[in-house]
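S.K.: Take a look at the following structure, please.
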């Protein structure tokens, strides 16, 4: 039993170490401005534009169900018009960036790992090295930068559509008075709530792209290795996002309290 635990701990520490070295290479590449703008624009389209539909659907129905559940509880104490304020703060601080990141991790994280993993299996990465092209500069950096840019924008779209959807459900289905519903939302939702959500989304974008690229670069040989790397990229990204969200919430909550 102890032997299995030791092996597992060594494996986790080894993975963290290799990811740290990859992050260092990315940072050094960014300092030297070795970004291929054509590849960056393509990755922005692939990660951002193509993920819009799934993110918007997730944000809309999350806002609607959160609004309905909040109304059912608040209606008992005659606080119907506070429904949208709770939905807005929840979406800005937590649900918007987290659910957006989880959906993008499922779509983009898997895609990145599969694409780079296939290039590794077919020895295309080795071919890049023979042509004096660093794989990190050519493959990883554009995806990292694009994910950092795309995730806050996607999270903002998700938050806005979630609030609008919740408002429409509250007014047209649940019969809440629209003026006070909107006024209370504006009163209790502050700029800092949205900023916290965007900062979280920015960090989650880096997590998704970093883990996806790492799993692709280190995947095993053959179709089984690519499939395993793809699965691990999604699972590890999702778990890391949820764990990171807890600590970010604590740290940012403390910082906001000190301001």
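S.K.: Check off (1) at pLDDT 90 or above; (2) in contact with a helix residue (DSSP H, G or I) (Cβ under 8 Å, 6 or more places away or on another chain) for residue 74 and give me the number that stays unchecked.
M.R.: Tallying (1) at pLDDT 90 or above; (2) in contact with a helix residue (DSSP H, G or I) (Cβ under 8 Å, 6 or more places away or on another chain), residue 74 fails exactly one: (1).
S.K.: Another question, if that's okay. Name, by its number, the condition in (1) modelled with pLDDT under 90; (2) under 29 Å from residue 238 (Cβ atoms) that does not hold for residue 180.
M.R.: (2)
S.K.: Can you tell me which residues in region 180-222 are surrounded by fewer than 22 Cβ atoms within 10 Å (Cβ to Cβ), under 21 Å from residue 123 (Cα atoms) and touching a residue at least 40 places away in the same chain (Cβ under 8 Å)?
M.R.: 217, 218, 221, 222
S.K.: Looking at (1) farther than 27 Å from residue 119 by Cβ; (2) at pLDDT below 90, which one does residue 158 not meet, given that it meets all the others?
M.R.: Against the list (1) farther than 27 Å from residue 119 by Cβ; (2) at pLDDT below 90, residue 158 comes up short only on (2).
S.K.: Checking the structure you have, find out if any residue of region 56-70 is within 18 Å of residue 140 (Cβ to Cβ) and free of Cβ contacts under 8 Å to residues at least 40 places away in the same chain.
M.R.: There is no residue in region 56-70 that is within 18 Å of residue 140 (Cβ to Cβ) and free of Cβ contacts under 8 Å to residues at least 40 places away in the same chain.
S.K.: Out of curiosity, is residue 142 part of a helix (DSSP H, G or I), surrounded by 19 or more Cβ atoms within 10 Å (Cβ to Cβ) and free of Cβ contacts under 8 Å to residues at least 60 places away in the same chain?
M.R.: It is false that residue 142 is part of a helix (DSSP H, G or I), surrounded by 19 or more Cβ atoms within 10 Å (Cβ to Cβ) and free of Cβ contacts under 8 Å to residues at least 60 places away in the same chain.
S.K.: Among the helices (runs of 4 or more DSSP H) confined wholly to region 161-259, which include 1 or more residues that are over 23 Å from residue 86 (Cα atoms)?
M.R.: Answer list for region 161-259: 191-217, 222-258.
The values are calculated or read from the model by the stated rules, or taken from the named source; none is laboratory data. Please read these numbers as outputs of a predicted model, since none were measured by experiment. Neighbour counts run over all protein chains shown; Cβ positions are idealised from the backbone, glycine included.
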